[in-house]
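Data block below; observations after.
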């Protein structure tokens with residue numbers, strides 16, 4: 001398959017901000033794609049070579065890309081730097097410089113998807129001495145044979161700035177239309193993706209075997225299942241009403257959520273973002289080998305920092321010291337952990353995700369040999385608000401951040417990759433206006449003034465709307481940032497800068513700088529109010545009004561453990577607003 005076909009499709013997709021048009025262009029591309037390369041085309045469209053959990057990244061810095069472009073185009077570094085400063089996009093710079101190429105290459109070879117993928121695969125796996133020179137040679141070999149348009153998308157791909165605005169959900173829609181007979185097949189295809197987290201494998205199965213193949217799709221150990229997410233409520237009576245007067249309540253530990261996969265003596269830990277974090281917790285890996293009796297298992301747990309001398313739980317921030325490549329042994333000694341398991345998804349060949357919670361819990365308890373380092377989450381069944389509140393206070397006293405309330409009925413399946421009312425969070429601070437924090441996505445920024453010249457003066461933050469797969473602005477925050485934070489955020493956000501507002505971002509405000517939704521920050525505000533300018537939950541409470549967070553302040557917590565889709569949802573903001581009104585005896589307008 002010619003790589004030019006992909007480049008032409010990407011041009012069409014980039015030219016529109018309309019979701020339906022993007023989907024149509026993607027369907028057209030998938031229908032042109034031979035089945036034997038469908039997985040590779042899907043990965044490249046995601047801006048990657050493998051699913052995230054494999055942990056292989058192209059890792060090409062802009063400086064290296066510029067050197068490869070110099071070699072391929074014959075232009076000087078000064079010329080390329082000047083053009084890059086003007087366009088702000090290394091891809092457009094590559095396209096422009098190669099269109100000016102003085103001498104054509106007589107022996108150039110047409111680029112194919114297979115060659116591009118295999119070359120980028122070699123590039124990604126190159127390491128050790130001379131790796132930089134090898135990477136540059138591999139990239140420049142592609143650029144030398146590339147057309148200007150192909151070069152634009154090659155450079156964007158390797159530097160991690162594809163800027164297509166296509167989310168995984170759009171790819172699923174396109175796969176359903178192209179190979180499943182229509183959007184009605186989307187649910188089955190999405191289920192396969194949710195239990196494998198591998199969009200390329202899903203695409204290959206549906207392209208080669210159709211919906212029949214998708215229906216046979218199985219959970220596999222070491223392919224992480226996309227985590228189930230919870231809604232939130234702040235009033236015990238409402239929680240019990242949601243569950244018909246009876247629910248299971250569990251401690252909500254203040255730790256890092258992990259999904260553990262075990263097969264024989266091999267154990268892999270995945271974060272809630274599905275990254276392999278086993279190297280950060282070798283002590284937990286050993287613990288699972290020793291204390292889990294099943295030959296094969298996939299289970300979820302909260303990894304909590306502990307004071308092993310007192311048995312007290314430590315705050316989440318202490319776990320961040322484990323996020324290092326070196327000095328892990330010292331970190332283990334200084335920041336020991338315990339594991340509290342709360343769900344079992346797969347055991348010895350049996351997929352449990354479609355079984356009710358009580359059955360999953362029963363089987364979980366059968367495979368764990370509990371000790372002071374690994375145990376099941378504390379849990380009980382409640383049928384009245386007093387018991388729920390008493391359990392809540394008990395959890396807080398034990399050092400937890402609140403409780404999880406869960407359905408235990410026949411429908412209490414594990415909703416992989418979805419947020420729903422089968423699980424509800426009830427956290428300590430929901431009881432007093434907005435003393436609870438929210439996790440918001442950075443979508444834009446405003447230039448700093450005075451002491452903040454050269455950094456960002458304020459950030460434009462958004463909630464996530466899972467129904468529309470969009471990010472809706474909810475506040476503008478410039479408080480709580482130290483000088484170190486301002487410098488760190490400026491550097492962190494540079495690689496996510498885009499030339500215009502992302503198609504998935506809903507905003508009436510015009511930011512000075514726009515970002516690809518990627519970075520999640522923890523924010524504390526005074527209250528939630530109606531807003532005529534912010535887009536979060538627009539029209540949900542009053543026609544023409546969205547929701548806003550008043551007097552926001554950065555808490556200092558970077559939610560690197562959360563993806564943008566794990567951020568606080570627009571519906572959750574509405575629930576917080578309604579909870580405030582009930583506390584003051586008011587009603588929503």
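Just so you know, all these numbers are worked out from the coordinates, no wet-lab data involved. Source: prediction; values computed, not measured. Counting neighbours? That spans all protein chains shown, and the Cβs are built from the backbone with ideal geometry, glycine included.
As a footprinting exposure proxy, order 175, 233 by other Cβ within 10 Å, with the fewest listed first. Walk me through the numbers on the way to the answer.
On the way: 175 28, 233 23.
The most exposed by this proxy come first: 233, 175.
Calculate, for residue 215 and residue 307, the FRET efficiency according to 1/(1 + (r/R0)^6) with r their C-beta to C-beta distance and R0 41 Å; round to the nearest 0.05. E between residue 215 and residue 307, to the nearest 0.05, is 0.25. Length gained on full extension, residue 295 to residue 381: 27.9 nm, using 0.36 nm per residue less the C-alpha separation. Using the Cβ-Cβ distance between residue 119 and residue 16 with R0 set to 35 Å, the FRET efficiency works out to roughly 0.75. Ordered by the number of other Cβ atoms lying within 10 Å of each residue's own Cβ, fewest first, 456, 3, 326 fall into the sequence 326, 456, 3.
Looking at the chain, the DSSP beta bridges with both ends there are about 90 percent antiparallel. Spin-label model, residue 467/residue 208: points 7 Å from Cα along the beta carbon direction are separated by 3.9 nm. At an R0 of 41 angstrom, the distance between the Cβ atoms of residue 518 and residue 348 translates into a FRET efficiency of 0.60. Return one number: the angle in degrees, 0 to 90 and rounded to the nearest 10, between the long axis of the Cα atoms of helix 357-367 and the longest principal axis of the Cα atoms of the chain. Helix 357-367 and the main axis of the chain meet at about 90 degrees. Counting neighbouring Cβ atoms within 10 Å and putting the fewest first, the residues 248, 258, 443 line up as 248, 258, 443. Any chance you could give the angle, 0 to 90 degrees and rounded to 10, that helix 19-32 forms with the longest Cα principal axis of the chain? Around 60 degrees separate the two axes. Ordering of 523-530, 506-513, 211-218 by packing is 523-530, 506-513, 211-218, highest average first (other Cβ atoms within 10 Å, averaged per residue).
How long is the gain from residue 31 to residue 487 if the chain were fully straight, where each residue apart is worth 0.36 nm and the alpha carbon distance is subtracted? Before the final figure, lay out each step's value.
Details: separation 456, 0.36 × 456 = 164.16 nm, distance 4.57 nm.
Net length gain for the segment: 159.6 nm.
Rounded if a/c is under 1.5, else prolate if a/b beats b/c, else oblate: with a ≥ b ≥ c from the C-alpha gyration tensor eigenvalues square-rooted, which is the stretch 229-430? Oblate, because a/c is 1.5 or more while a/b does not exceed b/c.
The protection proxy used here, the mean number of other Cβ atoms lying within 10 Å of each residue, ranks peptides 67-80, 189-202, 138-151 as follows, highest first: 189-202, 138-151, 67-80.
The angle between the Cα long axis of helix 62-73 and the longest principal axis of the Cα atoms of the chain comes to about 20 degrees, rounded to the nearest 10. Where only DSSP H runs of four or more residues are counted, the chain gives -11500 deg cm²/dmol as its mean residue ellipticity at 222 nm, each run worth -39500 (n - 2.57). Under the simplified labelling scheme, the residue 279-residue 134 pair shows an inter-label distance of 1.7 nm, with each label point 7 Å from Cα along Cα→Cβ.
Multiplying the residue separation of residue 396 and residue 127 by 0.36 nm and removing their Cα-Cα distance gives an extension gain of 92.1 nm.
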